[in-house]
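**Q** Before I ask anything, here is the structure I am working with.
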Amino acid sequence: MRRLAWIISYTLHPLFLTSYMLILVLLINPYLFSFQDSKSQGLLLISVFMLTTFFPLLSITLMRSLGLISSFEMEDRMERIGPMIATSVFYLWLYLNIKDNYSIPSAFSFFVLGSTIALFISFFINIFQKVSLHGVGVGGFLMGVFLIGSQFGYGTFMVSLGEQRTFQVSITLVYLVVILLGGATLTSRLLIGAHKKDEVYGGLLIGLASQLFAFVLAV
């Protein structure tokens with residue numbers, strides 16, 4: 001059970017969620033973007049992955065090799081300060097580069113803004129109290145999916161798995177899957193003893209509120 005909990009924690013790590021969200025937006029309503037060709041979509045996904053996953057992970061790896069943090073789990077809340085600052089800078093840089101880009105819809109840019117806000121809030125709260133970043137990520141992803149699906153979707157969307165295999169997917173099904181995966185992620189953090197319940201629920205609240213605020217502010 002603990003091994004499964006670790007697999008879920010890594011697969012649904014907060015640093016992967018922005019890339020997951022971009023893929024979901026491209027599926028729900030690809031016409032929001034000024035381009036629909038797979039090459040442009042792939043380049044955008046690579047750029048987002050580099051700024052929200054690769055460079056933050058590289059920064060954390062360098063901090064680990066320099067002895068600034070004792071482990072990648074960063075169980076001590078004070079060890080999280082450096083990685084959170086570095087990650088926040090990359091997220092802020094991404095948002096500043098896409099917020100006025102006509103090719104990128106507000107359906108995605110507001111989510112990046114919400115993630116950036118959540119990171120800064122988590123940083124300040126972490127000075128006084130440890131908070132679950134997985135909880136923050138899950139809360140933000142849940143709210144982001146709900147807002148994007150309800151405000152920018154059409155109730156269903158098509159998923160193609162080849163020339164002759166196309167499926168129509170209900171956005172309601174997406175909501176259910178995301179809720180189940182979010183619950184599994186939070187449960188996994190409790191099972192492996194990474195956080196207490198108040199830290200998980202506190203993170204969840206930060207993620208939910210940050211995305212809602214970003215939506216009101218940017219859309």
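The values are calculated or read from the model by the stated rules, or taken from the named source; none is laboratory data. Values in this document were obtained by computation on a predicted structure and should not be read as measured data. We place every Cβ from the backbone using ideal geometry, glycine too, and count neighbours over all the protein chains shown.
**Q** Tally time: how many residues in region 140-175 are modelled with pLDDT under 95, of a type in the set (Ser, Thr, Tyr) and under 20 Å from Val112 (Cα atoms)?
**A** Of the residues in that region, 1 qualify.
One line per residue, one yes/no per condition, for (1) among the hydrophobic types (A, V, I, L, M, F, W, C); (2) surrounded by fewer than 13 Cβ atoms within 10 Å (Cβ to Cβ); (3) at pLDDT 90 or above:
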| site | (1), (2), (3) |
| --- | --- |
| Leu44 | yes, no, yes |
| Phe49 | yes, no, yes |
| Ser71 | no, yes, no |
| Met74 | yes, no, no |
| Ser109 | no, no, yes |
| Phe123 | yes, no, yes |
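**Q** Which of (1) surrounded by 12 or more Cβ atoms within 10 Å (Cβ to Cβ); (2) part of a helix (DSSP H, G or I) does Phe35 not meet, given it meets every other one?
**A** Only one criterion in (1) surrounded by 12 or more Cβ atoms within 10 Å (Cβ to Cβ); (2) part of a helix (DSSP H, G or I) is unmet by Phe35, namely (2).
**Q** Could you list, in sequence order, all residues of region 131-164 that are in contact with a Ser or Thr (Cβ under 6 Å, 6 or more places away or on another chain) and either among the β-branched types (Val, Ile, Thr) or in a strand (DSSP E or B) (or both)?
**A** Passing the criteria: Val131, Val136, Val138, Thr156, Met158, Ser160.
**Q** Another question, then. Among the listed residues Leu62, Leu68, which satisfies the condition of being in a helix (DSSP H, G or I) and not acidic (Asp, Glu)?
**A** Leu62
**Q** Confirm whether Ser115 is crowded, with 24+ Cβ neighbours inside 10 Å, touching a helix residue (DSSP H, G or I) at 6+ places or on another chain (Cβ under 8 Å), assigned to a helix (DSSP H, G or I) and in contact (Cβ under 8 Å) with a residue 24 or more places away in the chain.
**A** Criteria met by Ser115.
**Q** Which condition number in (1) of a type in the set (A, V, I, L, M, F, W, C); (2) assigned to a helix (DSSP H, G or I); (3) crowded, with 21+ Cβ neighbours inside 10 Å; (4) at pLDDT below 95 is the one that Ala214 fails?
**A** Here Ala214 meets the rest and fails (4).
**Q** Would you check if Met143 is over 19 Å from the mean Cα position of the chain (by Cα) and of a type in the set (A, V, I, L, M)?
**A** no
**Q** Turning to a different aspect of this structure: Kindly list, by first and then second residue, each pair from a residue in region 82-104 that is of a type in the set (A, V, I, L, M, F, W, C) to a residue that is part of a loop (DSSP other than H, G, I, E, B), limited to pairs with Cβ atoms under 6 Å and residues at least 6 apart or on different chains.
**A** Sorted first by the residue in region 82-104, then by its partner, the pairs are Ile98/Ile104.
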